[in-house]
Protein chains: 2
Amino acid sequence: MAITAGDVKALRDRTGAGMMDCKAALAQAEGDVDKAVEILRVKGQASAAKRAGRGTDEGVVSAYIHANDKVGAMVEVQCETDFVARNEDFKSFAYQVALHVAATGPRVVSAEDIAEDERDAERRVFEQKAREEGKPDNVLERIVEGQLSKWAKEVALLEQPHVNTDKHEGKTIEEMRGELAAKTGENVRIARFAYFRVGEE
Amino acid sequence: MAITAGDVKALRDRTGAGMMDCKAALAQAEGDVDKAVEILRVKGQASAAKRAGRGTDEGVVSAYIHANDKVGAMVEVQCETDFVARNEDFKSFAYQVALHVAATGPRVVSAEDIAEDERDAERRVFEQKAREEGKPDNVLERIVEGQLSKWAKEVALLEQPHVNTDKHEGKTIEEMRGELAAKTGENVRIARFAYFRVGEE
């Protein structure tokens, strides 16, 4: 059973325990991460430190509730230092992303984050549609892949032009992110978002 | 007379009364559900089951970002009509829940929402700890179940006393919810929440 550095890091992130403890726990658990978490917890080396957020990542959480109180979004945007996290441009970007998410309700941050089975399901739909439209077999795959890639862009936050096109000159969220990263000199990352619409649980 | 979670849930479904009220009524009725319904109706906590099972597709989304911008929470609270959703008491409750979630970071809305495998994992940790502390077998199960039930209460939003104990007189979120339901005459339901802390993805 080979234990990779990635496994150790994942376990450290989850538990906040030290590297050697994590290695030992993984060895004992024969690589099963969930089991290793349990072993560390029994030993008291991973307390509720799960929540302690050991990551050195800085950043802000920002939220936007639509005026009707029926739709809301919350985002976490990360940077490297607390200095940048307190910067007005950085905070404003986070707020603009929250506002955008509330308006468009994306599914994922990046197109790569779409789960394989969700992508497959979508592919089957496009395939069936193309077949029903009588598209010949030799072009079917190309058509379907084109539609799939278009769809992935539509549901991915980073690929979407900011909903306030006038203010943001039609730039995508990714373009805005890139500009902010250049301006602050730090890596800027949209870590996650939540989107709630009443009754749409 | 052991009162099961299933009994409580059945009573809640029939009456729309809060979890703690249902538990108390069942205890008083020695487990007789029909009798418990009567007890709740006398107390006015079950308005002739009118509230039971009524659709809650209205409501609000509310958010709270901690002053340091490092922690945020967003909640969806549902009710039955847009009229109540616009009510100040209702909106204020949703906001108070968001504030509370940002402060305590619960894992689930209700203890019943804890996934079976997560509960089992926790049980194994408590078991092993109890074994290592040399607890005898004949009391081990009781100890573990006690710890498990305590843990489930700690991580469940509804069971937590509101973090602002002075303002809310030590009431749990579930008690506050029940009072609001009684006051508005509508079924009030915390549908979901999100809790973000920077770097804790």
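Some points to look at:
- Residues considered: A:ALA182, A:ALA130, A:ALA152. Largest GNM mean-square fluctuation over chain A, using C-alpha springs under 10 Å, is found at A:ALA130.
- Assigned charges on the beta-carbon of Lys, Arg, Asp, Glu; the range B:75-201 dipole about Cα centre (debye): 240
- By the rule of a C-alpha distance below 30 Å, with chain neighbours fewer than 8 residues away ignored, the lysines paired with A:LYS171 are A:LYS70, A:LYS91, A:LYS150, A:LYS153, A:LYS183, B:LYS70.
- Spatial separation of Cα centroids for the range A:101-128 and the range A:160-181, in angstrom: 21
- Taken residue by residue and averaged, Cβ atoms of other chains lying within 10 Å of the Cβ of B:64-76 number 6.
- Here the calculated FRET efficiency for B:LYS171 and A:ALA115, from their Cβ-Cβ distance with R0 = 56 Å, stands at 0.90, rounded to the nearest 0.05.
- Take every Cα pair under 8 Å whose residues are at least 6 apart in sequence, average their separation, divide by the length of chain B, and the relative contact order is 24 percent.
- Farthest positive-ward along the protein assembly as shown dipole, Cα basis, beta-carbon charges - from B:GLN147, A:SER92, A:VAL109: B:GLN147
- The lysines within cross-link reach of A:LYS35, meaning a Cα-to-Cα straight distance under 22 Å and a gap of 8 or more places when in the same chain, are A:LYS9, A:LYS23, A:LYS43, A:LYS50, B:LYS129.
- Excluding same-chain neighbours fewer than eight residues apart, the aspartates and glutamates reachable from A:LYS135 by a Cα-Cα span under 20 Å are A:ASP120, A:GLU122, A:GLU127, A:GLU145.
- DSSP-assigned coil residues among trypsin sites (Lys or Arg not before Pro) in the range A:86-160, each with at most 14 further Cβ atoms within 10 Å: A:ARG86
- Here the dipole of the range B:1-160 is about 360 debye; that uses its Cα centre as origin and unit charges on the Cβ of Lys and Arg (positive) and Asp and Glu (negative).
- Plainly put, chain A has a radius of gyration that is 1.07 times its Kirkwood radius, both from alpha-carbon atoms, as the Rg/Rh ratio.
- Net charge over other residues, Cβ less than 9 angstrom from the Cβ of A:SER62 (K, R count +1; D, E count -1): -1
- Residue with peak Gaussian network fluctuation, chain B [Cα springs, cutoff 10 Å], from B:VAL97, B:VAL163, B:VAL188: B:VAL163
- Dipole of the protein assembly as shown [Lys/Arg +1, Asp/Glu -1 at C-beta], most positive-end residue of B:ILE65, B:THR15, A:LEU40: B:THR15
- Scattering from the protein assembly as shown was approximated by placing one identical point on each alpha carbon and applying the Debye formula without solvent; log10 I(q)/I(0) at 0.06, 0.07 1/Å stands at -0.32, -0.44.
- GNM result for chain A, Cα springs below 10 Å: residue of A:GLY134, A:GLY105, A:GLY72 fluctuating most strongly: A:GLY134
- Of A:MET74, A:THR184, B:ILE173, farthest towards positive along the dipole that unit charges on Lys, Arg, Asp, Glu beta carbons give the protein assembly as shown: B:ILE173
- Considering every alpha-carbon pair of the range A:148-201, the percent of pairs per 10 Å bin, from zero through the bin containing the longest distance, is 21, 40, 32, 6, 0.
FYI, it's all coordinate maths here, none of it is from the lab. Because the structure is predicted, anything quoted here is derived from the model rather than measured. Cβ sites come from the backbone with ideal geometry, for glycine too, and all protein chains shown count toward neighbours.
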